[in-house]
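Report on the structure given below.
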Amino acid sequence: RRCFIKAAANELCAGFLDSLTQAEIRSKFPREAAARQADKLTYRYPGAGGESYADVVLRMNDIICMLESSVGNAVVICDRAVYRVIQAYFDGTPIEEMPNLEVKPGVLEFRRSHSGFSTTHLEVRTGRQSLGHGWG
């Protein structure tokens, strides 16, 4: 067994807004909130390191290729933006729909078959959910 820790699997970076809640952004930076709401795919957060979903897609390329080429099972522990990128890729979801995919608490299982991958959501009821936090 091998374990990889990949910075590419980090959550989307909200630049200088990263420490704020979504409610604080709506209150203090309404133009930024509106711009992101209008186009979640290409909206890039302002400030150093600020990213868009399109940026996350690009940085996830190596991880997606590694998952595609793996012959065994893999576990990816990640936040919502990365989850959406991986799920959209393996499910064939159009990129324009990817930023709005629903993310449920739990584990998304991918099973390899002769025709590609099938996905199953496994609900996890214990632990702390982070649905209301983060920028994904």
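Some values worked out for this structure:
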{"quantity": "Filter pass, Val76 being open to solvent by less than 30 Å² (accessible area, probe 1.4 Å) and either under 30 Å from Arg125 (Cα atoms) or at pLDDT 95 or above (or both)", "calculated": "no"}
{"quantity": "Qualifying positions in region 1-48 - free of Cβ contacts under 8 Å to residues at least 40 places away in the same chain, charged (D, E, K, R), open to solvent by less than 90 Å² (accessible area, probe 1.4 Å) and closer than 22 Å to Glu96 by Cα", "calculated": "Glu32, Arg36, Asp39"}
{"quantity": "Test result for Val124, of a type in the set (A, V, I, L, M, F, W, C), under 25 Å from Cys3 (Cα atoms) and in contact with a Gly (Cβ under 6 Å, 6 or more places away or on another chain)", "calculated": "yes"}
{"quantity": "Those residues of region 79-109 which are under 19 Å from Cys3 (Cα atoms), touching a residue at least 40 places away in the same chain (Cβ under 8 Å) and open to solvent by less than 60 Å² (accessible area, probe 1.4 Å), in sequence order", "calculated": "Val82, Tyr83"}
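The values are calculated or read from the model by the stated rules, or taken from the named source; none is laboratory data. Computed from a predicted structure; not experimentally measured. No Cβ is skipped: glycine too gets one built from the backbone with ideal geometry, and neighbour counts run over all protein chains shown. Note: accessible area is taken over every heavy atom of the protein model, side chains too, but ligands, DNA and RNA are not part of it. Shrake-Rupley method; radii C 1.70, N 1.55, O 1.52, S 1.80 Å.
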